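To start, the structure itself, in structure tokens.
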Amino acid sequence: MSPRLIVQNLWVRYPTAARVIEAVRGVSFTLGREKLGIVGESGSGKSTVGRAILRLVPAPGVVTAERLIFDGIHLLSADEATLREVRGQRITMVMQDPKFSLNPVMTVGRQIREAYRAHGRSSRAEARRRALAMLTAVKIRDPERVYECYPHEVSGGMGQRVMIAMMLVADPDILIADEPTSALDVTVQMQVLAILDDLVSQRGLGLIFISHDLNLVASFCDRVLIMYAGRVVEECRASELHSAQHPYTRGLLAALPQVDRPPGPLPVLERDPAWLTGPVGAQV
């Protein structure tokens, strides 16, 4: 089966008065009906890759790529009308904190309803029915009540479920989840992951899961890209992440807390300048 998304030699640059900052440097990968994890330190370019796919990198950022193709659509050369059809309908992105993503003066139901109606003609009654069905799909117990709530009236975990419902209401082909569980406690985190897993398997979505949590990605995803300073330095199956060989990946794994041994000095990751110039780990 051909991949839904092809990313080849993706670069994101920010020109400044002093120099050009290269936030993403030659990233390449493909995405099918699978869960692809992207991990790395803060500032490694993970979220920027997700935004670049949707052409949401703010000015003065410049996005270039040899190929950035979704379902035959060349996203870098697509006009705004085509991008409006893709964004929010065929490719959606869940941000990491619902407090900053949901409109505080609109009810939850209205926001989900408008997300649905923005990408197709439907009556208000049909949009309400669809919104309630999505709230049910993300395991919200009382969807009628939550539908009428404002964002500040729901918990962090419920707010994240609302965001997932809003991004999936148009039945997209690809979901980009940017740290969707970072602000949640462990119990709620597992519930949100279970919801994402069910929806991916039931709907045949392609999922890009951006995270700092290596253990989480290893247990949840199918494949993993490890990013360092804007580059993909290694790619492996998620089940084999803890056996990865690149020294940067080994350094990240060594820094994970171990509950089965006494605490000791925090490992320090020794960085090699060759990591910035060596071969890119994931190619199309």
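Here is how the numbers come out for the structure above:
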{"item": "Answer residue from segment 245-284, given it is among the small types (Gly, Ala, Ser) and under 22 Å from the mean Cα position of the chain (by Cα) and is modelled with the lowest pLDDT among those", "result": "Ala282"}
{"item": "Residue list for segment 219-248, filter: aliphatic (A, V, I, L, M) and touching a residue at least 40 places away in the same chain (Cβ under 8 Å)", "result": "Val224, Leu225, Ile226, Met227, Ala229, Val232, Val233, Ala238"}
{"item": "Residue identified as of a type in the set (Gly, Ala, Ser) and in contact (Cβ under 8 Å) with a residue 40 or more places away in the chain among Gly204, Gly251", "result": "Gly204"}
{"item": "Residues within segment 182-218 that are farther than 21 Å from Gln258 by Cα and not aliphatic (A, V, I, L, M), tallied", "result": "9"}
{"item": "Conditions (1) in contact (Cβ under 8 Å) with a residue 40 or more places away in the chain; (2) closer than 26 Å to Met190 by Cα: number failed by Asp171", "result": "(1)"}
{"item": "Condition broken by Ala238, with the remaining ones in (1) in contact with a helix residue (DSSP H, G or I) (Cβ under 6 Å, 6 or more places away or on another chain); (2) crowded, with 23+ Cβ neighbours inside 10 Å; (3) not aromatic (Phe, Trp, Tyr) satisfied", "result": "(2)"}
{"item": "Residue satisfying condition, being basic (Lys, Arg) and more than 28 Å from Ala81 (Cα to Cα), within set Arg129, Arg145", "result": "Arg145"}
{"item": "Answer residue from segment 90-148, given it is in a helix (DSSP H, G or I) and among the polar types (S, T, N, Q) and is surrounded by the most Cβ atoms within 10 Å (Cβ to Cβ) among those", "result": "Gln111"}
{"item": "Single residue of segment 171-185 satisfying the filter (under 17 Å from Leu36 (Cα atoms) and of a type in the set (D, E, K, R)) that is surrounded by the fewest Cβ atoms within 10 Å (Cβ to Cβ)", "result": "Glu179"}
{"item": "Complete set of residues in segment 51-89 that are in contact (Cβ under 8 Å) with a residue 60 or more places away in the chain and surrounded by fewer than 22 Cβ atoms within 10 Å (Cβ to Cβ)", "result": "Leu54, Arg67, Ile69, Asp71, Gly88, Gln89"}
{"item": "Filter pass, Gln258 being exposed (fewer than 13 other Cβ atoms within 10 Å of the Cβ), polar (S, T, N, Q) and part of a loop (DSSP other than H, G, I, E, B)", "result": "yes"}
{"item": "Residue count for segment 1-42, restricted to those that are in contact (Cβ under 8 Å) with a residue 24 or more places away in the chain, part of a loop (DSSP other than H, G, I, E, B) and not hydroxyl-bearing (Ser, Thr, Tyr)", "result": "8"}
{"item": "Segment 128-148 residues that are within 18 Å of Leu193 (Cβ to Cβ) and in contact (Cβ under 8 Å) with a residue 60 or more places away in the chain, paired with ones that are of a type in the set (Asp, Glu) and not in a loop (DSSP other than H, G, I, E, B) (beta carbon under 8 Å, 6 or more apart)", "result": "none"}
{"item": "Flag if Leu68 is under 20 Å from the mean Cα position of the chain (by Cα), in a loop (DSSP other than H, G, I, E, B) and under 23 Å from Arg231 (Cα atoms)", "result": "no"}
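The values are calculated or read from the model by the stated rules, or taken from the named source; none is laboratory data. This one's a predicted model, so the numbers in the text were calculated from it and none came from an experiment. When we count neighbours, we look across all protein chains shown, and the Cβ atoms used for this are built from the backbone with ideal geometry, even at glycine.
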